[in-house]
Every structure is written in structure tokens, then in C-alpha cells.
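Every read-out reported here was derived from the displayed coordinates using simple, explicitly stated rules and does not represent laboratory data. Everything quoted here is computed from the prediction, not taken from an experiment. Virtual Cβ from ideal backbone geometry, glycine too; neighbours counted across all protein chains shown.
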Amino acid sequence: MVEVLLLRVRRVAVTLLVLVTVVFIAVRLVPGNPALVILGDYATPELIASVEQDLGVDQPLWRQYLDFLRGLLTGDLGYSYRTRSTAASLVLAHIPYTIQLATAGFLLAVVPGVLAGLFAGRWHGSRRDLGIMGTATLAMSIPAFWLGLLLLFMFSLVLPWFPLAGGGDPSNPADIIRHLILPAVAVATREAAIISRVTRSAVLEVFGQDFITTAEAKGLRRNRVLRRHVVRNAILPVISISAIQLIALLSGSMVVEVVFSRPGLGSLFISAVTARDFPLIQACVIVFGLSVTLINFAADLSYSAADPRVRAA
Amino acid sequence: MGAETVVKHVIDDPNIVSDMEPRRGQIHRVLHNPLVLAGLFCHLAIAVLVAMAWVRGLDPFAQNLRATMAPPSIEFWAGTDHLGRDVYARMAAGARYSIGVATATILISGAVGTLIGLMTGMFRGRLIRLVNAALDFIMAFPALMIGVLAAAALGNNLTSMVSAIGIALVPRFALVVRSETLSIANRPYIEAARLLGAGNSRLLARHVLPNVAGTVIVLSSLYLPLVIALEASLSFLGLGVPPDVPTWGRIIADGQELFVLAPWVSIGPGVMIVLASLAFNLLGTVSATCSIPAFDAEDRAMVSDRQSGYALGVDVGGTFTDVCLVAADGRFWITKSPTTPKDRSEGFLAGVRDVLDAAGVGFSDIERVMHGTTVATNAILEGDGARCALITTSGFRYVLELGRHDVPRGENIFAWTKPRRPVPPELVFEVPGRLSSDGSELQPLDVSECEDIIKDLRSSKVEAVAVCLLHAYANPEHEREVAEFIEESLPGIAISVSHEVLPVFREYERTMATVLNAYVRPGVSSYLLALESNLKELGLLVPVMYMQSGGGVISGEVAGVRPFKWRSRVPRRVSSELLR
């Protein structure tokens, strides 16, 4: 187990190193002098030279790379071109809103998704199954940003139940939750549908196995068979798809945060991209990449915790 | 006889779909799946909406500043935006861009991904390991994030949109194709092709690619809605498309700013996105279920063996009659009913009727009937066959009694006794006449001798006659003459001749086979006659096929003449013992 853990940790470290290197190279490959971006139309050669020196872009590339790595280790991600505050502080200020949204969205995706999937699998072939799977297919086909707009229209404009925009007052939990519900629904709908479909097919696969026939032959009721024998064996693919869905939630939150004007990491990233604010893009991608890698890592571990067979492999 | 039948096990699950190509029966089934119908309806709806905009000659770019932000009306079906542009016209035009971009992306990234997958699956080396690592790396990150970054870096035009989504999609194709290729590369036919001198490129093109093509097509249909969603999200964010191109996502983004005043600008194109993704999601689901192996290999072989309709399999044993009905889609029903020894076709028909009732199918729906039975075997084992006589060449009366000069392996040589022969020596008659082993006549056949034999046959009340003359396998002339003579004198009696039953050399084996054939034939023919006439009466349209003991099937006519071939599944030891 310890060896497996070490192996996985090593893989995470390599992935992260590759990630920051790719980001470093990509940002420098994009055409355009960052000094010009900062200075705009009033740039003089002297100003450009001094800004370049400030940014360190006059140094050779390997030097810049080492500085970049050193900065990363000390939490220094550079300055945002637009706001002049550090990229790290901007990212830190926006992270809580994204974590809230991802957590709420994850709950709203996993709980109904797994329940619907178990139900559809329990009654597979019936009208209920068809109904659930039809609804899931519909839910999968609705783009999150459009669903967000519709929800805003229905429940903020027509029926003024929820606030229109923003992330809520950080010191007031009730306000945070009121701001969270609509975007969480928008971002979770598609993921819930996918989880329900995966759960259903996992349940069906387990139902086809010999030990279920044995359990039924023993005279166990179908619901008990479902609870005691099916769920435990069907949960594995659900765990792995849940990790993927958590990552999908993170990326889906980018667009939904823009729709709901939530001050999260996603909207920060999109605004940085449209404004070509390279240090900020760099910081956002690194934070996204770090969280994606860590989620994958956690899913790997939980996978081997749930299934003894994986541990051996 | 009222046979009590138990429907033992019924599998009737519409979700079980076999992984065959949809054939006649399957297409029918697929078209009756409500999800498929809904998917086709979505396709139709998009086509109609686009066609109507074209018929009405609507211009998605024409501005009408006198009718800005007009709500939906007869003139503007989906309202107008802040520049007075017809939203319906823009939705219809958006179909061209959004579906076009999605299709192009799928085609290009599918082709590139397949190529990379084939290469990484087939070859080894440092470069391949690097490519694999890169694929895994890209896969670790969500497609939307990669798309946003790539689109931002590549700029705002449709080519960059296609490449941005393509970068995220290529590894998704490549990794699946790679694992398929890896498993195919180890199969014997690849090894065989390699031994025949096929180079790598030929192997990939002629042997691997055709086998992964199906998977790539299914993947494409699954990823198409994903690409539509990605494209919509990116254009909604203002990335990857020029501002004047009305993709659905871009129109929604335009509408977002007017959302309080003119929500219809965003609603129409959103409906189009939902319709398009739904159309491909619904059909993609079906194509994916079709390819998921729901059966184990044995069931699949059984299913793919038939074309369509229902196949009926019947096994009449000594105690039970088992009937199995298999539908084209793989559903099957099994029943077990008691065998009715007096007239076995009764038990047969009772079982068949039950299984058809359970399936709700009529006799005329059956496309194939296969029948195996132990009727002949049981008659032999139980010594319950017809009373029969044997006519053989002068001097060969005791061939049967002598048998082969050994004791079956595994038997106690002191305790073993020869089984009773189906024909006692008193009922073996000799006729003069002799053939050589090459078939030439050494001594002509004397048919007049048969006159006396006929008298004896009559007085001993035999039901069947076997004719087995020396070297008849080389020249059947003498046997035929004898058979004709008996036929004329004793019309209606069942005659078995060795050159038809088992035309091989070795007198004992050929004689035994012919005698056994004569022994079981009356019982079998009457059974077959009753069975076939009953089945025809009940509306069965196809002939029954009978399993041969050596494998393969024969028609009822042949089975009636040579039931020896039909000692179905005689345990080997029993049959070898009988042949001793």
C-alpha cells in the first residue's frame, strides 16, 4: 500500500512539473509583448525597456524558467497586468466562491444522480426506467450556461426568489446559500444525469452476475439484494465517474460563474483570458491543474480503498 | 395425455441488445425504441426549422432598427435582437455553423486520434512513450479548460475553434483506439499475416483499422453532443469565433446582455442546442448499447447464427422433453415437459405450445426448427426396437454373433458378457451370390432362394428387414435386387440396405449398423410422420431439421430412412460396446 502511495505521489509530482512547464512555455509562445499590453498606446522605448526589466522578460529563457519555478515554490505567481495586485492574492480571494459552488454542485449531482440510477437499475426495462433515462438524456443535452440563464430568468426576474448576481456576503452563511442555489443547480444538472446513467449500467452489470442469482435463490427480497449485494459492487464505477464529474464541475463552473457574475476562479480565469493578463492566466491554470491532479489522486486512492483487487495490481 | 409443463426460466429483457450489426429484425426493434424515435424527431425538427428559414428567405444579418427587441410574432417567430435582426433567421443560420464546426471537429480529431492510437498501439519506443505521456496529460484536464486556453491562444476564427476543441478530443479517440489496437495486435490472425510477410502499414490498414472502425464510429456519435456543448460554451464566452458569426452560443451571449428586456434572444438558440445534443445523445446511446456485449460468447454465437424471427430447439429424451425458443434479439424461453413414450410427438407438441404461449408467438413465426432426440438411442439401449430380420451372403450368418474379438477397454475380461444382438441367428437368412472387394461379380445372385426366405419372414412376423451383402459398399447391385424382391413380396415393410446406411468395408460394423437402422426405423418413422403432419397442421411453415449423431442436420426424409445416423448423443462407450 505504501509503495502504491509513493508511486502515485511521484506521478502527481511529475504531472504538476509538466503542467507548470507547459504553462510557462505556452504563455511565452503567445504573440505580443507583455510590456506593450501593460503600457497600451503610450509606450515609449524607454518605458518598454523598464517594464521588461521589471517583469524579467529581458532575461534568457532558462533564467526566467528558474525564477518562475522559485516563484511557484514561494507562492509568488507574479503581478496581474491589469490590477497590479499579486496574481496569488487575486486567486486566493476568488477561490472560496468556486469551492462553495463545486461542493454544492457536487452534492446536487451525486445524491440525486446515484439515487435515480439505483432506482432505474432496480426497475430496469420498465416505464419508470425509460422515464428516468429519458429525463437524464434531456438533462445531459442542456448546456449549463443556458440553463443558468433560464433559471435566472425564472427565479430571479419573473419570481424574485433568488438574487440576480454576485457571490453573497461572506460573513452571512444564509446569504451565501441564497446566492449558491441557482448556479449549483445549473452546474450540477448535466453531471447528475451522467452519474445516474453510469450508476444504472453499473447496477445492471452487477445484477447479471452469479452471486446475485445465488442471493435471489436464497430467497432474499430484491430490495435487500439491491442494498446488500448490488450497491457495494456497483459503487466502484460510480466513484471513478464522480471524480471525473467533480473535475467537470470545476470546468463547468467557469461558464456558470460568468452567467451568474460570481466572483469565482472561473470568471477570474475567463476575464484574464479575454484581457490577455498572462500572469493571471498562468496562476489560474496552475491552480486549476493542481486541483484536477489532486482530485484524480484522491479518486485513485479511494478506488483502491474501495476495491481490494485494485490494491494488488 | 395431459402433459404438465413447467415454464422453467424466462428471460425477457428489452434491455438486452446483442452486439450484432443491426439486421432486419434489429432495425425493426431499434425503430420501435421510444428513445430512438425521440432522437429522430429532434433531427427532423432541426431540419424543418432550418428548411423553413431557407424557404422564407430570411437574412440572419439584416438589421431592422424599427423593430428592435420585438417579442416573437408572426413576422419574427423568435423575436428580434437589439439591432432588429430576426432571431429565428440567426438560429437557423447558427445550425450551419454549430453543427458544421462540430462535424468537422469530430471528423478531423477522429482521424488524427485514430492514427495516433494505431501508431501508439502498434509500435514501441521512446517517441511512442512520450506521445502516450502527452495523451495521458491532456486527458487529465477537462476539455473546456483546454478549449478555453487553446482558443485564446489561437485567436477568433472557425479554424481555431475546430483546433481548440480538437486538441481536447484527439487523446479521447487515441487512447481508446490504442487499447483496441493493443488487444488486436496479439490475435492469431495478425501473427499469421505477419508470417505471410505483411509489413506494419499493411497490417494496420488491412487488419487492424477495419476492426477498430466500429469503435471509432460509436465514439464519434458519443462525442458529437459533447463537441456541440463545448463549441456553444466557447462561443458563449466569446472565444474561438469571429464576433459577426452567429453560432448558437454567440447569439445566446448577445442575448445575455438584453436578458431583462428581451429574453427571447437567448431562448431560441438554446432550444436549438438542446435539440441538437438531444438528437445525437439519444441516437448515440442506442449505438453504444448495441455495441456493449450483453451476452457471453456462447449466446452471441447462438444468436448470430440465425437471421431473424424465432428459432425452436427441441430435445426429446427418455424422461423429459426440453424445448427452447430463441428470438432474433436474443431473448429466449425454456420449458421442460414429460416425454410421452406412447406417442412422443404429443410431449413434443405440448412443450412447444407452452413455450410459444409464454413468448406470445405463433407457429407461423418460427423460422427454424431443430430437433435432437434420444428416441433411436433409447430403442437400442432398452432393446425396445422392432422385430427384424437380416439377409446376408451365404456363409456370413454368424458375423453379428461373432463380433470383434476383444473386450471393451475397462471391462473385466472374466465377467463381461456380450450384449444381446438385435437380430438372433434364427432370423438371419443367407442368399447365394458373391461379389469381390473391387465390386466385380464372382457368382451371380440367386434370387430364387429368396422365395423361401419370404415365407419364413412372413411366418416369423418381422416388422423390418436389414440387407447386408458382402462388399455391397463396392457394388450395391445385389443388395438392390434383394431389396426390390422383398419390397414386391412384402409391401410396406421397412427395409434397410447396408450401402445406404453405412457404405464402408468391414462386415461386422456395416452389418451392425444396418441391423440397428432396421431395428429403430419403424419407431422413428412413425414418430416423424406423426410429428411432421401435426406441426404442418398447426401452421409451421418450415421443415424440421434433425440433428445427426455425428453432427450436422438432416431432413425428415433422410432421418426416416437412416435413423441410425440419428442415434443422437450415444455415449461413446455404449455405441462402441454395441458394435463389438
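Couple of notes before you dig in:
- The 3J(HN,Hα) values that the Karplus relation (6.51, -1.76, 1.60; θ = phi - 60°) gives for the range B:109-125 are, in residue order, 6, x, 5, 5, x, 5, 4, 4, x, 4, 4, 5, x, 9, 10, 10, x Hz. Gly and Pro appear as x.
- Anisotropy class of the range B:125-196 from Cα gyration tensor, a/c 1.5 cut: prolate
- Here the dipole of the range A:118-244 is about 700 debye; that uses its Cα centre as origin and unit charges on the Cβ of Lys and Arg (positive) and Asp and Glu (negative).
- Relative to the dominant Cα principal axis of chain A, helix A:173-207 is inclined by about 50°.
- Peptide B:266-272 is shielded by partner chain Cβ atoms: per residue, an average of 3 of them sit within 10 Å of its Cβ.
- Within 10 Å of the Cβ of each residue in B:251-258, the mean number of Cβ atoms contributed by other protein chains is 2.
- Rounded to the nearest 0.05, the FRET efficiency derived from the C-beta distance between A:Thr44 and B:His43 at R0 = 56 Å is 0.40.
- Averaged over residues, the count of other Cβ atoms within 10 Å places the peptides B:452-465, B:360-373, B:512-525 in the sequence B:512-525, B:360-373, B:452-465, highest first.
- Averaging the Cα positions of each part gives two centres, and for the range A:51-124 and the range B:131-191 these lie 23 Å apart.
- Computed from point charges on the beta carbon alone (+1 for Lys and Arg, -1 for Asp and Glu), the dipole magnitude for the protein assembly as shown about its Cα centre is near 2220 Debye.
- Using a Förster distance of 51 Å, the FRET efficiency for B:Ser201-B:Ser394 (Cβ separation, nearest 0.05): 0.10
- Seen from A:Val27, the other residues with C-beta closer than 11 Å to its C-beta sum to a net charge of +1, counting Lys and Arg as +1 and Asp and Glu as -1.
- Expressed as a whole percent, the proportion of Cα-Cα pairs in the range B:392-516 lying more than 21 Å apart is 40%.
- Length released on extending from B:Glu451 to B:Val504, taking residue separation times 0.36 nm less the Cα-Cα span: 16.2 nm
- Packing, as the average of other Cβ atoms within 10 Å across residues, places the peptides A:128-141, A:83-96 in the order A:128-141, A:83-96, highest first.
- All other residues whose Cβ lies under 13 angstrom from that of A:Tyr97 are scored, Lys and Arg at +1 and Asp and Glu at -1, for a net of -2.
- Shown for A:Phe297, B:Phe236: other C-beta atoms within 10 Å of each C-beta, ranked fewest to most, produce the order A:Phe297, B:Phe236.
- Between helix A:127-141 and chain A: long-axis angle, C-alpha atoms, 0 to 90°, nearest 10: 10
- Packing order of peptides B:420-433, B:189-202, highest average first: B:420-433, B:189-202 (average count of other Cβ atoms within 10 Å over each peptide's residues).
- Set B:Lys418/B:Lys455; B:Lys342/B:Lys461; B:Lys336/B:Lys536 screened for pairs whose C-alpha atoms are more than 24 Å apart: B:Lys418/B:Lys455
- Kirkwood's formula applied to the C-alpha pairs of the range B:103-235 gives a hydrodynamic radius of 15.6 angstrom.
- Annotation: the residues A:Ser271, B:Ser220, B:Ser233, sorted from fewest to most other C-beta atoms within 10 Å of their own C-beta, follow the order A:Ser271, B:Ser220, B:Ser233.
- Sequentially through the range B:87-94, phi angles give Karplus couplings (6.51, -1.76, 1.60; θ = phi - 60°) of 5, 4, 4, 5, 4, 5, 5, x Hz, Gly and Pro residues having no value and appearing as x.
- Taking the C-alpha atoms of the protein assembly as shown, convex hull volume expressed per residue in Å³: 262
- Backbone phi angles across the range B:165-172, fed through the Karplus curve with coefficients 6.51, -1.76 and 1.60 (θ = phi - 60°), yield HN-Hα couplings of 5, x, 4, 6, 8, 3, x, 5 Hz in residue order; Gly and Pro are listed as x.
- Dipole size of the range B:117-221 about its Cα centre, with +1 on Lys/Arg Cβ and -1 on Asp/Glu Cβ: approximately 320 debye, rounded to the nearest 20.
- Distant-in-sequence amide contacts of B:Val369, defined by a placed amide H-H separation under 5 Å and a gap of 5 or more residues or a different chain, comprise B:Leu312, B:Met545.
- Between the Cα long axis of helix A:87-122 and the first principal axis of chain A there is an angle of about 20°, rounded to the nearest 10.
- The convex hull drawn around the Cα atoms of the range A:101-185, when projected onto a plane and averaged over every direction, covers 6.4 nm².
- Inter-part distance where the range A:251-289 and the range A:145-159 are each reduced to a Cα centre, Å: 22
- Shielding of A:8-19 by partner chains, average beta-carbon count, 10 Å: 1
- Value of Rg to Rh for chain A, rounded to two decimals, is 1.07; Kirkwood radius and Rg both from alpha-carbon coordinates.
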